[in-house]
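The values are calculated or read from the model by the stated rules, or taken from the named source; none is laboratory data. Note that the structure is a prediction, hence the values are computed from the model and not measured. For neighbour counting, all protein chains shown are included, and Cβ atoms are generated from backbone atoms with ideal geometry for every residue, glycine included. SASA here: full protein model, heavy atoms, side chains in, ligands and nucleic acids out. Shrake-Rupley method; radii C 1.70, N 1.55, O 1.52, S 1.80 Å.
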Amino acid sequence: MKKYMEQRILEEAAYIIKTKDTIRATAKKFKVSKTTVHKDMAERLKYVNPLMEQVIKKILHKNLEEKHIRGGEATKRKYSSDVK
C-alpha cells in the first residue's frame, strides 16, 4: 500500500474516532468520495492499524443503527419549516 494512502486512512480513522462522524461527513471533510472512505475503513484499515479498525467498526455500526433516526429528524425539520 502506498504511503499517502496509509496516511489518509490513519487521518480519516483518527477523525472518525475523535468526532464519531459518519462516512459521509468524513468524506466531505477530507474531500474524497464516500466510497473511498468506506473502503478505507472497511477493508484497508485492518492492514494499517488493526486496533483502530476495531474501534472504527463499533462507531460505524452505531452510526448505521442511528441512521433512520437522523433521516427522520431531517425530514421533520424540512417540513416544519415549510408549514407557516
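Sorted by packing (mean other beta-carbon atoms within 10 Å per residue), highest first, where do 66-73, 53-60 land?
Numbers: 66-73: 10.1, 53-60: 15.2.
Highest mean packing first, the order is 53-60, 66-73.
List the extent of the Cα atoms of the range 19-64 along each of their three principal axes, largest first, rounded to whole Å.
If we take the Cα atoms of the range 19-64, the spans are 25, 21, 15 Å.
Counting each DSSP H run of 4 or more residues in the chain as -39500 (n - 2.57), what helix-only mean residue ellipticity at 222 nm follows after dividing by all residues, to the nearest 500 deg cm²/dmol? Walk me through the numbers on the way to the answer.
Values: 5 runs with 68 residues, N = 84.
Rounded to the nearest 500, the figure is -26000 deg cm²/dmol.
Given a Förster radius of 41 Å and the C-beta distance between Leu51 and Glu73 as r, what FRET efficiency does 1/(1 + (r/R0)^6) yield to the nearest 0.05? Display every interim value, and only then the final one.
Details: r = 33 Å, r/R0 = 0.80.
Approximately 0.80, to the nearest 0.05.
Using the heavy atoms of the protein chains alone and a 1.4 angstrom probe, what is the accessible area of the chain per residue in square angstrom?
Value for the chain: 76 Å² per residue.
Greater than 20 Å separation of Cα atoms is the criterion. Which listed pairs, Lys28/Lys67; Lys2/Lys57; Lys31/Lys78; Lys18/Lys78, meet it? Display every interim value, and only then the final one.
Working: Lys28/Lys67 17 Å; Lys2/Lys57 23 Å; Lys31/Lys78 26 Å; Lys18/Lys78 29 Å.
Distance filter (> 20 Å) returns Lys2/Lys57; Lys31/Lys78; Lys18/Lys78.
Give me the Å³ per residue figure for the convex hull around the C-alpha atoms of the chain. Spell out each step's value before the answer.
Details: hull volume 7.9 nm³, N = 84.
In the chain, the Cα convex hull volume per residue is 94 Å³.
Of all accessible surface on the chain at a 1.4 Å probe, what whole percent is carbon and sulfur? Intermediate results must be reported in sequence, preceding the final value.
Numbers: 3670 of 6380 Å².
In the chain, the share of accessible area belonging to carbon and sulfur is 58 percent.
Work out the length of the dipole vector of the chain about its Cα centre, built from +1 on the beta-carbon of each Lys and Arg and -1 on the beta-carbon of each Asp and Glu, and round it to the nearest 20 debye. Walk me through the intermediate numbers first.
Details: 22 positive and 11 negative charges, 54 e Å.
Computed charge dipole of the chain: roughly 260 debye.
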